[in-house]
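What follows is a set of notes on a single structure, which appears directly below.
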């Protein structure tokens, strides 16, 4: 995937709605993540980085990408500088000023162990920026283990020594329903199989549906009890 195309997929500008069938979810995540990038310190870890599609948003002296070798993300697309065993991170206590982890926890089965390690390697006044899906299709099978509500994610983080500073739900009820409907249509037979057909459907069908869903969200009363993603900023709780 070229850098330009990857950015259109993960960090889409407004006009990319005409070519990105996942515009609603990806735009929501991008805007929420970008809002908190100024919090980054000198030394940062991108945990479960995959292809690190948000790397260009963070300005820091040291950007370390960490991943695990066995996962549903294609190995050839990973850009990890450090691979770890899925249990113990190979860094000393308080090593990082900032940790970023986008759409990773749903793929982690030993979540208690992992959150404990993330807390350990983050300095006391450092922060973690974490995103997880609440409503989304199964993906990277068979390594898709969980979905987290806002309450569940807050409870998990607080139980492992983090203090919540900011919490954002991306999208609302209407946008979520439209995005899920488009995902269903984009996975049908010929649409999924042939890229040109999918592009045609995106321009002619999916883009108008996404725009309509966004407009309805602006016009109607907001309901965020059904949403696509959690985006949370937390710091290590003072002892």
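Throughout, read-outs are computed from the coordinates displayed, never taken from laboratory work. Note that the coordinates shown come from a computational prediction; the quantities given were computed from them, not determined experimentally. Here the Cβ is made from the backbone with ideal geometry for all residues, glycine too, and neighbour counts use every protein chain on show.
Points worth noting:
- Of all DSSP beta bridges in the chain, antiparallel share, percent nearest 5: 50
- With Cα atoms, 0 to 90° folded angle of helix 173-186 axis to the chain main axis: 70
- When Rg and the Kirkwood radius Rh are both evaluated on Cα atoms of the chain, their ratio Rg/Rh stands at 0.97.
- Of all the options 142, 12, 53, the one that moves most in a Gaussian network model of the chain with Cα springs shorter than 10 angstrom is 142.
- Quarter of the Cα convex hull surface for the range 1-56, i.e. its orientation-mean projected area (nm²): 4.3
- In the range 94-138, inverting the average of 1/r over every pair of distinct C-alpha atoms gives 11.4 Å as the Kirkwood radius.
- Its DSSP H runs of at least 4 residues, each contributing -39,500 (n - 2.57), put the calculated 222 nm mean residue ellipticity of the chain at -10000 deg cm²/dmol, to the nearest 500.
- Per-residue Cβ neighbour counts within 10 Å put 206, 178 in the sequence 178, 206, beginning with the fewest.
- Sorting 95, 56, 160 from the fewest to the most surrounding beta carbons within 10 angstrom yields 56, 95, 160.
- Cβ-Cβ FRET estimate between residue 159 and residue 85, R0 fixed at 35 Å, reported to 0.05: 0.90
- Relative contact order for the range 104-239, counting Cα pairs under 8 Å that sit 6 or more residues apart, in percent: 43
- Contact order normalised by residue count of the chain, Cα under 8 Å, 6+ apart, percent: 24
- Principal axis box of the range 1-136, alpha-carbon based, largest edge first, Å: 46, 31, 27
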